[in-house]
Amino acid sequence: MKGNQSAMLNKLKLAGLGGGASGQHAKFTKRKSDQEGWTAGVFLKSRANGDRIWLQRIMIDGKRREIELGSFLTLSLAEARAAAQENRKTIAEGGDIFAELRRQHRQDIRDRIRRLSAKLNENTALPAQQPIPQDPAPGPRPVAIEQPDAPIADAASEESDIAKVRALGPHIDAALSVILEAVPADVDSSYVSQDMLALATACGIDMLEQACRVTLEKGDCTLLSIVAILDEDAAATDADENANPIAHGNIRGPEHFH
């Protein structure tokens, strides 16, 4: 996974698009490969924006899997271990913990996109935003009615959204490829392009391109990491705009009173 992200970034740099790291996100170090020193258990993981999360590493059907347990700020070590134990119990009983985790994860991302959009557009009237779909609550499925044209239309719509995202910028394109590759084969991946378009509408293409570049450099390219960086940048922009007006007056000079 991280190897693929590095390959994507190297291709961009060879094309003259990667650039040198700069600004507050400039410093980063090469991390160990997942293949080196992998151990099952509960660990702390740092995201590209500096946030720390509890991570459970576990073997499932002979495969190494990672499960995000929650934020370091809101979850204690004891609570993280208890959640990990509950996951082990569910897996041992044959339950599928990943389906519900993915649903919760996607809804969390969409909630954060909505808050980010509201923050950026708080004092600005903008055209209608790209709709952010809600994940439906689990429930009984209706009886399927054969509609042969529907899957074709859905596939065409998804391909159209993907093409729109790829056209936004080189780092956005590379990030989309990494995120799509991580979506399990049995999961509908259309939400990825929809959420990327919603982010572009909410914060602008330039901010999204920068956030994607940072996550690729950090080797932590996920939708949640991208949203976290955008949220951080939006907060910094808001702080600059709300800076003390006296300080701005001093910058103009002591004799400037207007």
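The values are calculated or read from the model by the stated rules, or taken from the named source; none is laboratory data. Since this is a predicted model, take the numbers as computed values, not measurements. We place every Cβ from the backbone using ideal geometry, glycine too, and count neighbours over all the protein chains shown.
Quick notes on this structure:
- With respect to (1) at pLDDT 85 or above; (2) among the β-branched types (Val, Ile, Thr); (3) under 20 Å from the mean Cα position of the chain (by Cα), the lone exception for Ile109 is condition (1).
- Residue check, Ile179 touching a Gly at 6+ places or on another chain (Cβ under 8 Å) and modelled with pLDDT of 90 or more: no
- For Gln104, the criteria (1) modelled with pLDDT under 85; (2) part of a strand (DSSP E or B) hold in every case but one, which is (2).
- Taken over the stretch 54-111, the residue count meeting the criterion of being small (Gly, Ala, Ser) and at positive phi is 3.
- Every residue from the stretch 166-187 that is free of Cβ contacts under 8 Å to residues at least 24 places away in the same chain and among the charged types (D, E, K, R): Arg166, Asp173, Asp186
- Ala150 surrounded by 10 or more Cβ atoms within 10 Å (Cβ to Cβ) and either modelled with pLDDT of 65 or more or on the phi < 0 side of the Ramachandran plot (or both): yes
- The condition of being in contact with a Lys or Arg (Cβ under 8 Å, 6 or more places away or on another chain), modelled with pLDDT of 90 or more, aliphatic (A, V, I, L, M) and at negative phi does not hold for Leu224.
- Cross-chain or 6+ apart pairs with Cβ under 8 Å, the stretch 188-199 first and free of Cβ contacts under 8 Å to residues at least 60 places away in the same chain and over 15 Å from Asp108 (Cβ atoms), then among the polar types (S, T, N, Q) and part of a helix (DSSP H, G or I): Ser190/Ser157
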